[in-house]
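Following: one structure in structure tokens, then a few remarks.
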Amino acid sequence: MSSLQDRIGSSMRAAIVGVGLLAGAADLMAAEPPDTRRPNILFILSDDHSLQTIGAYNTRLSEFCRQQQVTPNIDRLAAEGALFENSFCASSLCSPSRASILTGMFPHVHGVKRLSSPIAAGVWTFPQSMRDAGYETALIGKWHLGNNPAEMGLDYFQYTEGQGGAYWNPDFVGPDGKKQYLGHITHVTTDLGIQWLRQRDSDRPFMLMLHHKAPHRPWMPSSQRYHWLADVDVPEPETLFDDYTGRASPASGQRMRMSDFKMGHDLKVFAPDEFPSPYSRMTRGQRAQWDAYYRPRNEAFARANLTGDDLFRWQYQQYMKDYLRCVKDVDDSVGRMLEFLRETGLEDNTVVIYTSDQGFYNGEHGWFDKRWIYEESVHMPFIIRWPGVVRPGSRPQEMIQNIDYAPTLMQIAGADAPEGIHGRSFLPILQGQTPEDWRSSIYYHYYYDAPDHNVPRHDGIRTGRYTLVNFYTTGEWELFDLENDPHQLRSLHDDPAYASTAAELKEQLQRLRNHYGVPEKDYTPTPAQPTGAAR
Ligand code: CA
């Protein structure tokens, strides 16, 4: 790293966010070559993409993903940039996470605790400030918030409604209203992103948020992927047949086991009553291609007459293959975007970020979905390439959170986030200078106690070694030692040997609640809360 960056790094250790500092940093950065002063930003957000299914992460399915070339483009991005090993969400659900990304705040401030709610009036969002700083801003793809993107600081938008739109022939809502596009949503999202990049104001830096629906449920891949992986067995997790002993009651009371899949909607087994929604938008040609793969598969499934564990294993395989096919489509999109940047000479002056709104279960504990503070759910992939600044192939271990994205992006843009937001810029970490007082634990709070998956509200903390969970609606606690129990199978909360650890972690949890100003009513037992719209 250059002495210039050392100077920026050391001054940031002293005071991370502040107008005076940032003005100073801007002056220092003015001495940099022009192409690193105000880089473009391409922010790629997929939906429900787990760490397990990215080759570059060293997790359960990484080796399989590398062998099968599931994510070669995302892996290349990691090789050319930084991969954060400890990146977490503030609340593991689509809308709350997206609101935290935009505002740098936890849900009790931005107000999006459940699905599709609006960000509360008057809450700052980073695209507004980025536009004020001279950037042209755009959002293409999934939105899932109850606000108009134009009011959130986006100069241009094409968003899909509700959960994220149909996989086939989706509608997008733009400044001129709603329009249907022919094709697979991952391809359409990519096309619209490239189209906007071609027509943008080339005199200004850009910030493009490219938000994929995939690989969200119901995992409908593009047609060139149907037969891919058909004859491959996806490795099963050790915890596939978890019996949920050793934990508080919520782990066994949930409804997110793969036996809870809708056979038609999720696994594409013919079930006429479930059929209309995902398939009615397909053209006859698209449907014929679909049937050419799924019909023989379903006929073989019917002949096999599977039950019990065999059926559960079949459900896992089919779920994972469709999930990985959707991931592969997203990876292709990343490759197209990287190629576009290269062809148009934008590569060296564009920060590219790949992340997802939370982690996801890929059969671990027998589950799909997210929601928990537990490992697979609370982790978010975060990969960033910034030529000349971020060291290629680096793997920072610092704990970052989605509340940090907004202040970090603002500092990358040479501007400022307002004082008082929960997140903290990790630009110094990108520059190889970790602030001495960087966080050693993260706060987490999940609010959406809807009956569909039946995961109760909870908050907690995750440190480098422990996870402490407070299921305050049932009055239960859990404590996991990740060093000795990485799969989180045995809560030590009631183990006398861990009494002092539990007490210390509870103090830390309360300190974080106080630090972020979480209202006491948000984590005390109350009568059942009314729930938002399910989906
Ligand atoms: Ca999601």
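Data for the structure
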{"read-out": "In segment 354-380, the residues that are assigned to a strand (DSSP E or B) and within 10 Å of the ligand (Cβ to nearest atom)", "value": "Ser356"}
{"read-out": "Residue check for Gly432: closer than 19 Å to His108 by Cα and of a type outside the set (Val, Ile, Thr)", "value": "no"}
{"read-out": "Residue check, Asn305 within 16 Å of the ligand (Cβ to nearest atom) and out of contact with any Cys (no Cβ under 9 Å at 6 or more places or on another chain)", "value": "no"}
{"read-out": "Lone qualifier among Asn58, Asn86 - being within 24 Å of Tyr466 (Cα to Cα) and at pLDDT below 95", "value": "Asn58"}
{"read-out": "Unmet requirement for Ala302, which otherwise passes all of (1) free of Cβ contacts under 8 Å to residues at least 40 places away in the same chain; (2) under 30 Å from Leu77 (Cβ atoms); (3) of a type in the set (Gly, Ala, Ser); (4) assigned to a helix (DSSP H, G or I)", "value": "(2)"}
{"read-out": "One residue from Leu139, Leu115, Leu192 being aliphatic (A, V, I, L, M), at pLDDT 95 or above and under 22 Å from Ala99 (Cα atoms)", "value": "Leu139"}
{"read-out": "Within segment 486-514, tally of residues that are in contact (Cβ under 8 Å) with a residue 40 or more places away in the chain and farther than 30 Å from Asn58 by Cβ", "value": "1"}
{"read-out": "Residues of segment 84-99 satisfying the condition of being surrounded by 21 or more Cβ atoms within 10 Å (Cβ to Cβ), more than 12 Å from the ligand (Cβ to nearest atom) and of a type in the set (S, T, N, Q)", "value": "Ser87"}
{"read-out": "Qualifying positions in segment 125-147 - crowded, with 20+ Cβ neighbours inside 10 Å and in a loop (DSSP other than H, G, I, E, B)", "value": "Thr125, Tyr135, Trp143, His144, Leu145"}
{"read-out": "Candidate set from segment 199-208 (those that are in contact (Cβ under 8 Å) with a residue 40 or more places away in the chain and not in a loop (DSSP other than H, G, I, E, B)); member that is nearest to Ile140 (Cα to Cα)", "value": "Leu208"}
{"read-out": "Single unsatisfied condition, Phe261 versus (1) surrounded by fewer than 19 Cβ atoms within 10 Å (Cβ to Cβ); (2) touching a residue at least 12 places away in the same chain (Cβ under 8 Å)", "value": "(1)"}
{"read-out": "Residue in segment 355-366 that is charged (D, E, K, R) and in the same structural domain as Val70 (by TED's automatic domain parsing) present", "value": "yes"}
{"read-out": "Matching residues, segment 151-188, being touching a His at 6+ places or on another chain (Cβ under 7 Å) and surrounded by 19 or more Cβ atoms within 10 Å (Cβ to Cβ)", "value": "Gly164, Tyr167, Trp168, Thr186"}
{"read-out": "Every residue from segment 44-75 that is within 21 Å of Pro218 (Cα to Cα), away from the ligand (no atom under 14 Å from the Cβ), assigned to a loop (DSSP other than H, G, I, E, B) and in contact with a Lys or Arg (Cβ under 8 Å, 6 or more places away or on another chain)", "value": "Val70, Thr71"}
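The values are calculated or read from the model by the stated rules, or taken from the named source; none is laboratory data. Just so it is clear, the structure is predicted and the values come from calculations on it, not from any experiment. Heads up, the Cβs are rebuilt from the backbone with ideal geometry, glycines too, and the neighbour counts pull from every protein chain shown.
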